[in-house]
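First comes the structure, then the notes that go with it.
Read-outs throughout are calculated quantities, based only on the coordinates presented, and are distinct from any laboratory measurement. None of these values were measured; they are calculated from a predicted model. Every residue, glycine among them, receives a Cβ derived from its backbone with ideal geometry; neighbour counts consider all protein chains shown.
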Amino acid sequence: MKNAPPCVSRNPMPDKANRNIIIVGAGPVGLVIATLLVEQGIPVVLIETCNELAHDLRASTFHPPTLDMLERFNVVAAMIEQGLICPTWQFRDRKEGVIATFELSRLKPDTNHPYRVQCEQWRLGELLYARLKSNSNATIHFGTSANAVRQNTDGVEVDVTGPGGERDTILGAFIVGADGIGSVVRKAMGVNFEGTTIPEIFLTLSTTYDFREAMPDIANIAYLSDPDEWFVLIRTAGLWRALFPVDASLSDVEATSLELAERLLQGAVPRRQPYEVRHRTAYRVHERVASSYVNGRMLIAGDAAHVNNPLGGMGLNGGIHDAFNLSRTLVEVIGGAPLEALGRYSRQRRQVALDVVQQTTLRNRAILNTHEPHARRAYYDDLRRIVADPVKHRDYVMRTSMIQSLRDSEKIA
């Protein structure tokens, strides 16, 4: 992987070229789609702008149904070995402590994995790439950017620029954009990307400090509410990750400064010693959903189709759920189902993004960020009632683990 594979040459494309599924983006979503398709005997051309797989530190939470899906690749055991099992998660108040602890063991009848796994998304990417690169149906081009996408009734073509600046055009039967918020494929589809930008920068800090020293009862995943400065703590195998909202007017340099990191962490848990901070990442957060995930032979998935704030770990998981649904539907169409069947993928997954992913992440932010004391108390009382009622508790974790949304989406024709 250190040496980027060359871009496609100008030699005539083989006869199978028009059967290729072109995938733009080699993040977890693109890699899942590619792996699912090649293991069905369908040739894939995977295009990635970076010269190697990205080691993105943003997402690390894998929900139970996602782990169930990933079992088919024989990667879950390695993810657990490299990561951390989280059987519970919490809402806390910075002053009062635990408000509610949710138990994923209540999902045992519905999943093989009644827990979340904290494992950086790039680790899944490495595991999938190791499996994909040995498959003869996979052609992978690193250091290659997609510049323009076109389609006709019979196929698609994408203009690309290779690592040396060489230009070419790749032909295929379909193209899938798994190329993030700035998706070239989504723009070529001409669909709207409706929504808003959250008025904060989210700053993620990784530290060696073990927050259990100050909060022995803290779960591995904890959302700490406060009217002035909420934050989230997530334990991984070797570090704790802390997420804070910071002023949107700050520059990237200011937002990721060691001085700000130290102030925020000392505000969360005061210590005599300075914090050892291993990583600092700041990013702007959007709540947007594409008006359609399909236009003819062009499709989008993951962040190219929907983006949301990370409070609940639903972005990465929703993208992987997109990947499984999209791949299954594409296999049906390639096998003879009408092209219009792809619309079912769009309807099912878009509804989940609107009704589940966005609503859950926005509600989590509202609970953490509410300034009005009576509203905050109402949120807390509601969470306590849910945890105390076995039926409500199970229903809540069915929704927040995304099991219920998968079941509901299958009912959409």
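The three principal axes of the C-alpha atoms in region 362-413 carry coordinate ranges of 43, 24, 14 Å, sorted with the longest axis first. Among the GluC sites (Glu not before Pro) in region 157-201, those placed in a DSSP loop whose Cβ has at most 15 other Cβ atoms within 10 Å are Glu166. Across all Cα pairs in region 176-236, the calculated P(r) in 5 Å bins from zero up to the longest distance comes to 4, 12, 16, 15, 11, 11, 11, 12, 6, 3, 1 percent per bin. Taken over region 145-205, the percentage of Cα pairs per 10 Å bin, counting from 0 up to the bin with the maximum distance, is 18, 40, 24, 16, 3. I want to verify a result. In a Gaussian network model of the chain, Cα cutoff 10 Å, which of these has the top mean-square fluctuation: Ala148, Ala178, Ala305? The residue that fluctuates most here is Ala148.
Rounded if a/c is under 1.5, else prolate if a/b is larger than b/c, else oblate: which is region 86-227, with a ≥ b ≥ c the root eigenvalues of its Cα gyration tensor? All intermediate terms of the calculation are to be shown ahead of the outcome.
Working: a/c = 2.48, a/b = 2.05, b/c = 1.21.
Prolate, since a/c reaches 1.5 and a/b exceeds b/c.
DSSP finds beta bridges in the chain, and of those with both partners inside it, around 75 percent are antiparallel.
Using a simple spin-label model with pseudo-atoms 7 Å out from Cα toward Cβ, Asn51 and Asn147 lie 2.1 nm apart. For the pair region 130-152 and region 221-243, the centres of their Cα atoms are 37 angstrom apart. For Lys133, the aspartates and glutamates whose Cα falls under 15 Å of its own Cα, not counting residues fewer than eight places away in the same chain, are Glu39, Glu48, Glu52.
So how far, in whole Å, is the C-alpha centre of region 102-116 from the one of region 37-100? With region 102-116 and region 37-100 each reduced to a Cα centre, they are spaced 16 Å.
With a cap of 14 neighbouring Cβ atoms within 10 Å, and only residues DSSP puts in a loop, list the GluC sites (Glu not before Pro) found in region 237-319. Mind dumping the intermediate values first?
Working: sites: Glu254, Glu259, Glu262, Glu276, Glu287; in loops: Glu276.
Here the GluC sites (Glu not before Pro) that fit, given the DSSP loop and packing criteria, are Glu276.
Normalised by 2.2 N^0.38 Å, where N is the number of residues, the C-alpha radius of gyration of region 265-413 stands at 1.32. In terms of overall dimensions, the C-alpha atoms belonging to the chain reach 67, 45, 38 Å along their principal axes, ordered largest to smallest. Cα gyration tensor of region 69-141, axes a ≥ b ≥ c as square roots of the eigenvalues: rounded (a/c below 1.5), prolate (a/b > b/c) or oblate? Prolate shape, in that a/c is at least 1.5 and a/b is the bigger ratio.
Between amide H atoms placed 1.01 Å from N, distances below 5 Å from Arg278 occur with Ser206, Thr207, Thr208, all of them 5 or more places distant or on a separate chain.
Restricting the GluC sites (Glu not before Pro) of region 48-135 to loop positions (DSSP other than H, G, I, E, B) with no more than 13 neighbouring Cβ atoms within 10 Å leaves Glu96. Where in the chain are the DSSP H helices whose alpha-carbon span along the long axis reaches 20 Å or more and whose Kyte-Doolittle mean is at least -1.0? Taking the DSSP H segments of the chain (at least 20 Å long, mean hydropathy at least -1.0), we get 314-334, 373-388.
Return the Rg/Rh ratio of region 107-173 with Cα-based radii and a Kirkwood Rh. Working shown, then result.
Numbers: Rg = 18.4 Å, Rh = 15.6 Å.
My calculation puts Rg/Rh at 1.18.
Only Cα sites of region 262-332 enter the Debye sum here, all with the same form factor; the resulting log10 I(q)/I(0) across q = 0.17, 0.21, 0.23, 0.29 1/Å is -0.75, -0.95, -1.05, -1.29, listed in q order. Tell me, how many Å apart are the Cα centres for region 181-196 and for region 262-328? Here the two parts' Cα centres lie 17 Å apart. The mean sequence distance of close C-alpha pairs (under 8 Å, at least 6 residues apart), as a share of the length of region 138-203, puts its relative contact order at 23 percent.
Take the chain, connect every pair of alpha-carbon atoms lying under 10 Å apart with a spring to form a Gaussian network, then pick out the residue of Ser183, Ser136, Ser225 with the largest mean-square fluctuation. Residue with maximal mean-square fluctuation among Ser183, Ser136, Ser225: Ser136.
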